[in-house]
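Encoded as structure tokens, the structure appears first; notes follow it.
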Amino acid sequence: GAGVSQSPSNKVTEKGKDVELRCDPISGHTALYWYRQSLGQGLEFLIYFQGNSAPDKSGLPSDRFSAERTGGSVSTLTIQRTQQEDSAVYLCASSLVTRVSRHSPLHFGNGTRLTVT
Amino acid sequence: AQKITQTQPGMFVQEKEAVTLDCTYDTSDQSYGLFWYKQPSSGEMIFLIYQGSYDEQNATEGRYSLNFQKARKSANLVISASQLGDSAMYFCAMRGAGNNRKLIWGLGTSLAVNP
């Protein structure tokens, strides 16, 4: 079956512009995560969606970042007024259930590489 | 605070040999899970292996095994019979008891397999 799909794979934008990153999780996966990976760094948690519950936004670095998940499936991460420090790879992941484990690990997309010039 | 430490920024191994990638963790939770992921140059994070804190045996998945030493809080990944396709970044991550959602990630180890 299809894995997690992210688009675009690469995005170059000018400082101050808004960008939208899309994630299409694996069908049937109830949990969806956004992570950010900067060069030489581990993964930084951004936001988490689980079913109809309120999202966990505790990882969003500023109010310029927002995300939504429509119909419990596709998610969009929006960065407003982009800054150069926003340049990173943005990874989306989904899991079958909330509690990640051997039977329900995170499945990642290939990421969107964002470059802010 | 929970933390994952991967002390080897880069590793080299000869094809067909075994290699161990180190991971130590810090947590006060009694129940936790440890994951290893592989990230090739394509960028996708690929799940390799999982070890639960209450698992009595070390996890194994094909050529991957996890050397779990609970008292030392280490969860090293062992790759046997290395292949050229094993060249990638490898990340260790932990799920705590109180937070099932946010995995804590190490900074990764870059593995290069030489022919």
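The values are calculated or read from the model by the stated rules, or taken from the named source; none is laboratory data. Bear in mind that the values here come from a model prediction, so they are computed numbers and not experimental data. No Cβ is skipped: glycine too gets one built from the backbone with ideal geometry, and neighbour counts run over all protein chains shown.
Mind checking whether some residue in region B:1-11 is away from chain A (no Cβ under 12 Å) and closer than 16 Å to B:Ala88 by Cβ? Within region B:1-11 (the criterion being away from chain A (no Cβ under 12 Å) and closer than 16 Å to B:Ala88 by Cβ), the answer is yes, since at least one residue qualifies.
Condition first: in contact (Cβ under 8 Å) with a residue 40 or more places away in the chain and over 15 Å from the mean Cα position of the chain (by Cα). Now tell me which residues in region A:30-69 satisfy that. A:Leu39, the sole residue that qualifies.
Inside region B:29-40, residues that are over 12 Å from the mean Cα position of the chain (by Cα) and either modelled with pLDDT of 90 or more or not polar (S, T, N, Q) (or both) make up a count of 3.
Of the residues making up region A:58-69, just one is facing chain B (nearest Cβ under 10 Å) and either on the phi > 0 side of the Ramachandran plot or buried (at least 16 other Cβ atoms within 10 Å of the Cβ) (or both), namely A:Gly59. Of the numbered criteria (1) under 25 Å from A:Ser104 (Cβ atoms); (2) within 14 Å of the chain's Cα centre (by Cα), the one B:Thr7 fails is (1). Taken over region B:12-24, the residue count meeting the criterion of being surrounded by 14 or more Cβ atoms within 10 Å (Cβ to Cβ) and either within 13 Å of chain A (Cβ to nearest Cβ) or at positive phi (or both) is 1.
State yes or no: is A:Leu77 hydrophobic (A, V, I, L, M, F, W, C) and within 14 Å of another protein chain (Cβ to nearest Cβ)? Lay out the reasoning, then the answer.
Working: hydrophobic (A, V, I, L, M, F, W, C): yes; within 14 Å of another protein chain (Cβ to nearest Cβ): no.
Criteria not met by A:Leu77.
Looking for something assigned to a strand (DSSP E or B) and within 22 Å of B:Ser31 (Cβ to Cβ) - is there at least one such residue anywhere in region A:60-80? Spell out the reasoning first.
Taking region A:60-80 and keeping what is assigned to a strand (DSSP E or B), we get A:65-69, A:75-79.
Retained after the next criterion (residues that are within 22 Å of B:Ser31 (Cβ to Cβ)): none.
No.
Search region A:104-117 for residues being surrounded by fewer than 19 Cβ atoms within 10 Å (Cβ to Cβ) and within 12 Å of another protein chain (Cβ to nearest Cβ), and hand back the single one that is farthest from A:Thr13 (Cα to Cα). The qualifying residue farthest from A:Thr13 (Cα to Cα) is A:Ser104.
What residue, of B:Gly98, B:Gly43, is under 28 Å from A:Ser53 (Cβ atoms), within 14 Å of chain A (Cβ to nearest Cβ) and either at pLDDT below 95 or not in a loop (DSSP other than H, G, I, E, B) (or both)?
Values: B:Gly43 fails: under 28 Å from A:Ser53 (Cβ atoms).
Selected residue: B:Gly98, the only one of B:Gly98, B:Gly43 that is under 28 Å from A:Ser53 (Cβ atoms), within 14 Å of chain A (Cβ to nearest Cβ) and either at pLDDT below 95 or not in a loop (DSSP other than H, G, I, E, B) (or both).
Here B:Glu56 fulfils each of the conditions (1) assigned to a loop (DSSP other than H, G, I, E, B); (2) within 14 Å of the chain's Cα centre (by Cα); (3) of a type in the set (D, E, K, R) apart from (2).
When B:Ile49 is tested against (1) closer than 26 Å to A:Gly109 by Cβ; (2) surrounded by fewer than 15 Cβ atoms within 10 Å (Cβ to Cβ); (3) of a type in the set (Val, Ile, Thr), exactly one condition is not met: (2).
Within region A:10-40, the residues that satisfy the criterion of being polar (S, T, N, Q) and exposed (fewer than 13 other Cβ atoms within 10 Å of the Cβ) are A:Asn10, A:Ser27. Being more than 10 Å from chain A (Cβ to nearest Cβ), assigned to a loop (DSSP other than H, G, I, E, B) and not aromatic (Phe, Trp, Tyr) holds for only one residue in B:Ser65, B:Ser28, and it is B:Ser28. Checking each residue in region A:70-103 for being under 16 Å from A:Ala31 (Cβ atoms) and crowded, with 18+ Cβ neighbours inside 10 Å picks out A:Ser75, A:Leu77, A:Leu91, A:Cys92, A:Ala93, A:Ser94, A:Ser95, A:Val100.
For region A:1-51, which fully contained strands (runs of 3 or more DSSP E) count at least 3 residues that are closer than 24 Å to B:Gln6 by Cβ? Quick ask: steps written out before the conclusion?
Numbers: elements: A:5-7, A:10-13, A:19-24, A:31-37, A:43-50.
Here the list reads A:31-37, A:43-50.
For region A:34-57, taking the residues that are in contact with a strand residue (DSSP E or B) (Cβ under 8 Å, 6 or more places away or on another chain) and hydroxyl-bearing (Ser, Thr, Tyr), the one that is farthest from the other protein chains (Cβ to nearest Cβ) is identified as A:Ser38.
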